[in-house]
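Since every read-out is calculated from the coordinates, none of them should be taken as a lab result. Keep in mind that what you see is a predicted model, and the values were worked out from it rather than measured. Counting neighbours? That spans all protein chains shown, and the Cβs are built from the backbone with ideal geometry, glycine included.
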Amino acid sequence: MIQSALKIILTGYRACGKSLIGRLLAQRLGLDFLDMDKEIEAREGCTVSAMVARHGWPYFRERERLLLAELSTRERLVVASGGGAIMHEEVWQRLRETALVVWLTADTATIAARLAGDAATAGQRPSLTGGNVIREIEGVLAERTPLYEKGSDLAVDTGRRSPAEIVDLVAAAWQERATHR
């Protein structure tokens, strides 16, 4: 059980709103904001797609794991984690000791529509399987959903709520956690 929530970690599949909700939450709560994929891109000097094309997914996942470990010592922070960051179970559990972890969800159709409508998808969200988008979403969600469930304190469906409603829910959970330290 978390003894104190010194940061908020947003997790979930790609295009579930982690970056948008993270920025809004940080602004609302007066916390710093860090988008893990953007941070890794800045450190590596290239997009996630270019990194994966050049070095492969294992290289990117190691950068992600190292950044997660680094974030375990940070406070007063909202983190938009990469969709696969939850797979680093050992580091994730350490990170959870000082974080409120919120799993942002959406159904397959909503995720697919968001991915198709986002011009940044090609550079920031390379295919994980190289296959059909719907089958990829379903397959990856089937693999990761148990990890999201086990590794999160709160789940919020972003396909059924506005960003403002989501921020209100997460901010209330954060405040509740802060009053029970």
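Between D157 and T105, the built amide H atoms are under 5 Å apart, and every one of these is 5 or more places off in sequence or on another chain. Of the trypsin sites (Lys or Arg not before Pro) in segment 1-100, the ones in a loop by DSSP (not H, G, I, E or B) with at most 13 other beta carbons within 10 Å are R76. Distant-in-sequence amide contacts of F33, defined by a placed amide H-H separation under 5 Å and a gap of 5 or more residues or a different chain, comprise V78. For the chain, the longest piece that avoids every one of the GluC sites (Glu not before Pro) found in DSSP loops with at most 13 other C-beta atoms within 10 Å covers 98-181.
Projecting the Cα atoms of Y59, T110, P163 onto the charge dipole of the chain (Cβ charges, centred on the Cα centre) puts P163 farthest toward the positive pole.
Helical content of the chain, expressed as a calculated mean residue ellipticity at 222 nm, amounts to -17000 deg cm²/dmol (DSSP H runs of 4 or more residues, -39,500 (n - 2.57) each, divided by residue number, nearest 500). Say the dipole of the chain comes from +1 at the beta carbon of Lys and Arg and -1 at that of Asp and Glu; which of W174, N132, V91 then lies farthest toward its positive end? So the residue furthest toward the plus end is W174.
Where nothing but the Cβ of Lys and Arg (+1) and of Asp and Glu (-1) is charged, how large is the charge dipole of the chain around its Cα centre, in debye to the nearest 20? Approximately 180 debye in magnitude.
Of all aspartates and glutamates in the structure, the ones whose alpha carbon falls short of 20 Å from that of K38, not counting any fewer than 8 places away in one chain, are E62, E64, E70, E75, D118. The amide H of L6, built 1.01 Å from its N in the peptide plane, has A99, L100 as neighbours under 5 Å, considering only residues 5 or more places off or on other chains.
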